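Notes follow the structure.
No lab work stands behind these numbers, since they all come straight from the coordinates. As the structure is a computational prediction, the values presented were derived from the model and not from experiment. As a convention, Cβ positions derive from the backbone with ideal geometry for all residues, glycine included, and neighbour counts pool all protein chains shown.
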Amino acid sequence: MTRLSHLLAFAALAAVTPAQAAELPAEIKQAGMLKLTVNSTYAPMEYRDPATNELVGLDIDLANELAKRLGGLKIVWSETPFAELIPSLQTNRADFIISGISDRASRRETADFVDYLATGPQFFVMAESGAKDATDLCGKKVGTTRSTSFPVEIEKWSKQNCEPAGKPAIQYVPGENSIDVRNQLKQGRIDAAVQGSETLPYAQTQEPGKYRVVGEPFARGYQGIMFRKDDAALREVVTEKLAAMIADGSYKAILDKWGLGTNAVAQPMLNAAPQ
C-alpha cells in the first residue's frame, strides 16, 4: 500500500472516531478483564510454546500490551479452532478477536476491523521441488486452510494466471489448519501450499532448509482486530491505544521480536483491506 493510501485510510478512520479521548465500556472496566479467544495453531501469531506450553506469539504480546494500557485489565484467554473464532465473537464469548484473522469485505457485514498488520497469501513448496515460478503450480495440487480467505484467493489467481495461458487450473486441497497443510506437503499429498506471508518466516526457522517460497505474495491485505458492529466504544479505545503504541515504538518492537517488522502499518486503519 502506498503512503497516500495509508493516509487516506487513516483519514477515513479519523472521520468516524470522536475527537475526545475514547473511554473503555463500563462493563469491561467494572469486570477488570478482557475475554479473548484465539486459534493457537498459527505461529508466530499465537501458539503454545513446545517447551513451556505457554501461550505466546505476536498477537499475544500485542493484546497484553493493549490490556495494560486499558487500565491493567486481566486477559482471560480461551482457545478454539479458526472456524469458531467469529462465532465466539458473535455469541459474546470474546470481547474482540486478535488472532491472525484477515479483514475481508464479507466479514464486515457483522463486524468491523481495525487493521494492524500487512499480509498476503504466499505459495511455498518443499525445497527439492522443481517449481520455480508460481505459474509452475498450474494444474498442481495446492493446499491451504479451508476456513481462511486463501481458497478464494487461489481460485482467483488461477483464473487470472493459469487459464488465460492455456494451463490447467490449480487443484485446491483443503486443510484444517496451517500445521495440517504443512504435514500434507511433507507427506507428498499436495505439490504446494499457501500460508500468510506472516507465518512462513517462522516455519522456515523451525524447519531450516525444508521449505522454499515461490514468487511474491499474490494478493495484498491486512490482518485486523475484529469487533462487533455495536461495540464502537471498545473499538475506538483500542484503536486509540494501538495508535499510541505505534507512535512510541512499542508496536514495532513487538513485530521486530517476531521477525515481522516489514509487515508493520503506519497507523491503525478501519476496514481498509481492498477485498
Amide H neighbours of Met45 at under 5 Å, excluding residues fewer than 5 places away on the same chain, with H built from the backbone geometry, are Leu58
In what sequence, highest mean first, do 90-98, 265-273, 253-261, 161-169 appear when ranked by Cβ atoms within 10 angstrom?
-> 265-273, 90-98, 253-261, 161-169
Pick the calculated mean projected area of the Cα convex hull in nm² for this structure from (i) 18.1; (ii) 14.0; (iii) 14.8?
-> (iii)
Computed over the chain, the relative contact order (Cα-Cα under 8 Å, seq sep at least six) in percent reads 29
Expressed in whole Å with the largest first, what are the equivalent ellipsoid semi-axes of region 121-214 derived from the C-alpha gyration tensor as the square root of 5 times each eigenvalue?
-> 20, 15, 11
Can you list residues whose amide H is under 5 Å from Ile170's amide H, if they're 5+ apart or on another chain and H is modeled 1.01 Å from N?
-> Gly139
Once fully extended, how much extra length lies between Asp248 and Glu176, figured as 0.36 nm per residue of separation less the alpha-carbon to alpha-carbon distance?
-> 22.1 nm
Which lysines have a Cα less than 26 Å from the Cα of Lys252, not counting those fewer than 8 places away in the same chain?
-> Lys35, Lys68, Lys74, Lys241
Would you calculate, for the chain, the mean residue ellipticity at 222 nm contributed by helices, counting each DSSP H stretch of 4 or more residues as -39,500 (n - 2.57) and dividing by all residues, to the nearest 500?
-> -9500 deg cm²/dmol
Burial ranking of peptide ranges 48-57, 180-189 (average Cβ count within 10 Å, highest at the top) = 180-189, 48-57
DSSP bridge orientation in region 121-214 - percent antiparallel, rounded to nearest 5 = 55
Could you pull the Cα extents of region 176-275 along its three principal axes, largest to smallest, in whole Å?
-> 49, 29, 21
Which cross-chain or sequence-distant (5 or more) residues have an amide H under 5 Å from the amide H of Ile75, H modelled 1.01 Å from N in plane?
-> Leu34
Residue by residue through region 192-199, which ³J(HN,Hα) values in whole Hz follow from phi under the Karplus form 6.51 cos²θ - 1.76 cosθ + 1.60 (θ = phi - 60°), with glycine and proline marked x?
-> 7, 9, 10, 9, x, 4, 7, 9
